[in-house]
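Notes to accompany the following structure.
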Amino acid sequence: MPNRDLIRQNLYNTLSETNFERLAKVYTGKVRDIYEIAGKKIFITTDRQSAFDRILASVPFKGAVLNQFSQFWFEKTKDIVPNHMIDVPDPNVMVVRPVKIFPIEVVVRGYITGSTDTSAWVNYEKGERLFCGVQLPEGLKKNQKFDEPILTPTTKAEDHDEKISREEIIAQGLVPEEKWNKIEEYAMAIFKRGQEIAAEKGFILVDTKYEFGEDEEGNIVLADEVHTPDSSRYWVASTYEERFNSDQEPENFDKEFLRLWFKENCDPYKDETLPAAPEDLVEELAFRYIDIYEKLTGQTFEYNAEVPIAERIQDNLDTYISSL
Ligand SMILES: Nc1ncnc2c1ncn2[C@@H]1O[C@H](COP(=O)(O)OP(=O)(O)O)[C@@H](O)[C@H]1O
Ligand SMILES: [Mg+2]
């Protein structure tokens, strides 16, 4: 069980921005800060919580949970597809090999759900039956399982992602056909593995997003993050059936409640500065991230909260860099 007292004590011991010495920062993403050294990329997963393409809050321990979630899944899938992970010198840090990322978000869905413009359910409800090139059957209900998982790619556009089909990806030359076939095959196999392991632990892996890249020898490599609660949706398996039959939303681990608070208390699309997220919501989010991490991986989460988080990372990075 996550430790509420420790979460509460560390509500402000978070990693929102980074500025590490001896490394060159090359990119600041929504959630991760990326540095480079000796031909390797250093991914620092921060505690930033993003939504509406903005940063809503910093959630204690979230970066460490996400990074170690990815580490767990890279290990569990490396027999299916090679991945970019080299080392994890700190709970928030992954050293990876740089690859050329294909410009497609490889989305796999086991269930029809969602609430945004690119979600399968919203499009289906509007009457769309051809979704990212996939023909959907009539008569589906929200949160229903597909007979087989479907692959519904989107482009990796600057501001927002656009739906795209397999045929368009190939016709537009975004990914060569042979490589795309391989990517599809990998994505389906990793998703199947993810669903099996999640099921053993009482969870449903509902849907996810993968990013693949290509290394210098032309091998396809699983990159970015894998099956984290930021890139994937998980539901509690034991209550799914009953809730589905009575038209209730499944028990989930989504940040939806935080998004809703912002929608009700400001205009997150327009306001220049946002109000601070309520402490009890941030605490709840931290609790949920740690809870699913522990249940899914079977590992006890290590808080490592005795020192300020940035100092701890700098120390671990110094040791790592000296060993190179
Ligand atoms: N092995 C890799 N080599 C190069 N780039 C990568 C690799 N793995 C992931 N990336 C890219 O690094 C970035 C990760 O940072 P993130 O915080 O998720 O940023 P974003 O806001 O762009 O999604 C993404 O742009 C992702 O495509
Ligand atoms: Mg990302």
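For the range 153-170, what are the residues that are among the basic types (Lys, Arg) and within 19 Å of residue 50 (Cα to Cα)? Talk me through it step by step, then tell me what you get.
Of the residues in the range 153-170, the ones among the basic types (Lys, Arg) are 156, 163, 166.
Selection gives 156 alone.
Residue under question is residue 78, and the condition is that it be open to solvent by 30 Å² or more (accessible area, probe 1.4 Å), modelled with pLDDT of 95 or more, over 16 Å from the mean Cα position of the chain (by Cα) and within 11 Å of ligand 1 (Cβ to nearest atom); does it hold?
On the way: open to solvent by 30 Å² or more (accessible area, probe 1.4 Å): yes; modelled with pLDDT of 95 or more: yes; over 16 Å from the mean Cα position of the chain (by Cα): yes; within 11 Å of ligand 1 (Cβ to nearest atom): no.
Against the criterion (open to solvent by 30 Å² or more (accessible area, probe 1.4 Å), modelled with pLDDT of 95 or more, over 16 Å from the mean Cα position of the chain (by Cα) and within 11 Å of ligand 1 (Cβ to nearest atom)), residue 78 does not qualify.
Within the range 40-95, can you find the residues that are in contact with a helix residue (DSSP H, G or I) (Cβ under 9 Å, 6 or more places away or on another chain) and of a type in the set (Ser, Thr, Tyr)?
45, 46, 58, 77
Out of the residues in the range 207-231 that are touching a residue at least 40 places away in the same chain (Cβ under 8 Å) and on the phi > 0 side of the Ramachandran plot, which is farthest from ligand 1 (Cβ to nearest atom)?
Applying the first criterion (touching a residue at least 40 places away in the same chain (Cβ under 8 Å)) to the range 207-231 yields 207-215, 219-230.
Narrowing further to those that are on the phi > 0 side of the Ramachandran plot: 224, 227.
Details: 224: 4, 227: 14 Å.
Only one residue tops the list, namely 227.
Does any residue in the range 16-34 that is touching a residue at least 12 places away in the same chain (Cβ under 8 Å) come within less than 9 Å, Cβ to Cβ, of a residue that is within 15 Å of ligand 2 (Cβ to nearest atom) and open to solvent by 100 Å² or more (accessible area, probe 1.4 Å) six or more places away or on a different chain, and which pairs are these?
30/53; 33/27
Take the range 143-181 and flag every residue that is touching a residue at least 60 places away in the same chain (Cβ under 8 Å) and either open to solvent by less than 80 Å² (accessible area, probe 1.4 Å) or more than 30 Å from residue 269 (Cα to Cα) (or both).
Hits for the range 143-181 are 143, 144, 164, 169, 174, 175, 179.
Tell me which residues, restricted to the range 271-324, are β-branched (Val, Ile, Thr) and either part of a helix (DSSP H, G or I) or touching a residue at least 60 places away in the same chain (Cβ under 8 Å) (or both). Before the answer, list the steps.
Pass one, the range 271-324, residues β-branched (Val, Ile, Thr): 273, 282, 290, 292, 297, 300, 307, 309, 313, 319, 321.
The answer is 282, 290, 292, 297, 309, 313, 319, 321.
Conditions tested, residue by residue: (1) of a type outside the set (A, V, I, L, M, F, W, C); (2) within 16 Å of ligand 2 (Cβ to nearest atom).
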position	(1), (2)
83	yes, yes
115	yes, no
118	yes, yes
122	no, no
130	no, no
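Out of 239, 273, which single residue is among the polar types (S, T, N, Q), over 20 Å from the mean Cα position of the chain (by Cα) and over 23 Å from residue 31 (Cα atoms)?
Details: 273 fails: over 23 Å from residue 31 (Cα atoms).
When all the criteria are applied, what remains is 239.
Looking at the range 37-47, which of the residues that are without any contact (Cβ under 8 Å) to a residue 60 or more places away in the chain and open to solvent by 20 Å² or more (accessible area, probe 1.4 Å) is farthest from ligand 2 (Cβ to nearest atom)?
Going through the qualifying residues, I end up with 39.
State whether one or more residues within the range 21-35 are open to solvent by less than 50 Å² (accessible area, probe 1.4 Å), more than 21 Å from residue 323 (Cα to Cα) and away from ligand 2 (no atom under 16 Å from the Cβ).
First, the residues of the range 21-35 that are open to solvent by less than 50 Å² (accessible area, probe 1.4 Å): 23, 29, 31-35.
If we keep only those that are more than 21 Å from residue 323 (Cα to Cα) too, we end up with 29, 31-33.
Next, only the ones that are away from ligand 2 (no atom under 16 Å from the Cβ) stay: none.
Scanning the range 21-35 turns up no residue that is open to solvent by less than 50 Å² (accessible area, probe 1.4 Å), more than 21 Å from residue 323 (Cα to Cα) and away from ligand 2 (no atom under 16 Å from the Cβ).
Would you check if residue 101 is within 12 Å of ligand 1 (Cβ to nearest atom), surrounded by fewer than 22 Cβ atoms within 10 Å (Cβ to Cβ) and not basic (Lys, Arg)? Working first, answer last.
On the way: within 12 Å of ligand 1 (Cβ to nearest atom): yes; surrounded by fewer than 22 Cβ atoms within 10 Å (Cβ to Cβ): yes; not basic (Lys, Arg): yes.
The answer is yes for residue 101.
The values are calculated or read from the model by the stated rules, or taken from the named source; none is laboratory data. What you see is a predicted model, and the numbers here were worked out from it, not measured in a lab. Every residue, glycine as well, gets a Cβ built from its backbone with ideal geometry; the counts of neighbours run over all protein chains shown. Ligands, DNA and RNA are stripped out before the accessible areas are found, and what is left, the full protein with its side chains, is counted by its heavy atoms. Shrake-Rupley method; radii C 1.70, N 1.55, O 1.52, S 1.80 Å.
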